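Report on the following structure.
The values are calculated or read from the model by the stated rules, or taken from the named source; none is laboratory data. Predicted model, so just to flag it, every value in this text is computed and none were measured. Cβ placement follows ideal geometry from the backbone for every residue including glycine, while neighbour counts extend to all protein chains displayed.
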Amino acid sequence: MKAVTASVILGFFILLSTIAGVFTYKYALSTENYIPLDGGSINLGQIYREKATIKMEVIGYDDDGTESTRISITSTPDSAQDDLKNELQKIIRQFNVAKEDGEKIDLNTMSFKSEGEIRLSSSINYTTQYFPIFELSLDTKKVAFKANDANYALLKTALDSFSKETAPSIKKKLLYTKQ
């Protein structure tokens, strides 16, 4: 009787171990996250962290034609508008330090004195099992402007428009946190 009881207990634990192994294996396969790229797909493994970002650069052209970055912000889609406004206010404060009261500018009166372009891009940065840092570029857009035409309203509109255009791409590529 002891041999039968021992056999039943041993059989039960073998069956339990097999079931646990199958679930563990199935879970390990389901946590693999593949992202399709142009040259194939990449296995990120488990995702520990992901962050959607929007980058905005305002590029101005100097008299000799060389490019220079006037403004550069990298932010989350939710805080991009606020970060743009804060960056512009910081630049305006620096500009106004040496100006008389009648010469000072604000968000409504500022403009760029040279032509240039607004460059916008979106991406998702992943921290994963197989890649400590992996950046997936999503969308890009360029908006040209003429001298004195680029003001806060134009920058805000371009950023808002791009944020709405890229939102579906970001939502589709977020693997860990769904927005």
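Values as computed for the structure displayed
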quantity: Filter result (touching a strand residue (DSSP E or B) at 6+ places or on another chain (Cβ under 8 Å), modelled with pLDDT under 95 and basic (Lys, Arg)) within segment 129-179; calculated: Lys173
quantity: Members of segment 121-149 found to be touching a Ser or Thr at 6+ places or on another chain (Cβ under 6 Å) and farther than 16 Å from Thr53 by Cβ, listed by number; calculated: Ala147, Asn148
quantity: Lone qualifier among Ile105, Ile133, Ile124 - being of a type outside the set (S, T, N, Q), crowded, with 16+ Cβ neighbours inside 10 Å and out of contact with any Cys (no Cβ under 7 Å at 6 or more places or on another chain); calculated: Ile124
quantity: Members of segment 116-168 found to be more than 25 Å from Ile92 (Cα to Cα), assigned to a helix (DSSP H, G or I) and free of Cβ contacts under 8 Å to residues at least 12 places away in the same chain, listed by number; calculated: Lys164, Pro168
quantity: Any chance Glu117 is within 28 Å of the chain's Cα centre (by Cα) and at pLDDT 95 or above; calculated: no
quantity: Residue match in segment 99-113 (condition: modelled with pLDDT of 90 or more and hydroxyl-bearing (Ser, Thr, Tyr)); calculated: no
quantity: Selection within segment 53-69 - touching a helix residue (DSSP H, G or I) at 6+ places or on another chain (Cβ under 8 Å) and either surrounded by fewer than 16 Cβ atoms within 10 Å (Cβ to Cβ) or part of a loop (DSSP other than H, G, I, E, B) (or both); calculated: none
quantity: Lone unmet requirement of (1) part of a loop (DSSP other than H, G, I, E, B); (2) exposed (fewer than 11 other Cβ atoms within 10 Å of the Cβ); (3) free of Cβ contacts under 8 Å to residues at least 24 places away in the same chain; (4) charged (D, E, K, R) for Asp78; calculated: (2)
quantity: Scan of segment 132-161 for residues that are farther than 23 Å from Lys172 by Cβ and either in contact with a helix residue (DSSP H, G or I) (Cβ under 8 Å, 6 or more places away or on another chain) or among the basic types (Lys, Arg) (or both), ordered by number; calculated: Val143, Phe145, Lys146, Tyr152, Leu155, Lys156
